[in-house]
C-alpha cells in the first residue's frame, strides 16, 4: 500500500530532510491552501509549527485528514506546541527531537503504523 505524507513547511532546509520510500511518498506543500486541498488523501500530515499560520489550520486539517497529524517546532515556542496539541495534533515534538537521531522518517513510519492499528481496531 502506498501512503501519502503531506509536509507543510516553508523551510527549504526542512523540506529536504524527509525522504520518500517505495511505499511512502512525501509531498512538500508550502501553502495552507495546498495542505487543506490535499489533506483528505494523506495518511499523515506533518506541520511546521514555527509557521505563523499553522495553529489556525489545525482544526480544519483535523476535519479533512483522517490520518495522523504531527507537528514540530522550536522548543522555545513551548506555549505554541502546547496549543497545537490542545487543538488536535496527535503528536507534537520539539524540532530537535523530530529531526534528531531517529530522524523524521521514524515519526512518519510510526504514525502510519498507528493508523493501521487504529483501523484494525475499528
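Nothing in this text is a laboratory measurement; each read-out follows from the coordinates by a stated rule. Note that the structure is predicted; figures quoted are calculated from it, not measured. Every residue, glycine among them, receives a Cβ derived from its backbone with ideal geometry; neighbour counts consider all protein chains shown.
Helical runs (DSSP H, four residues minimum) scored at -39500 (n - 2.57) apiece and divided by the length of the chain put the mean residue ellipticity at 222 nm at -12000 deg cm²/dmol. Maximal additional length on extending the residue 11-residue 76 stretch stands at 21.6 nm, based on 0.36 nm per residue less the C-alpha distance.
In Å³ and rounded to a whole number, note down the convex hull volume per residue for the Cα atoms of region 43-122.
Taking only Cα atoms, region 43-122 has a hull volume of 81 Å³ per residue.
The convex hull drawn around the Cα atoms of region 1-70, when projected onto a plane and averaged over every direction, covers 4.3 nm².
Length gained on full extension, residue 59 to residue 34, computed as 0.36 nm times the residue gap minus the Cα-Cα distance: 7.4 nm. Modelled label positions at residue 105 and residue 22, each set 7 Å beyond Cα in the direction of Cβ, lie 1.3 nm from each other.
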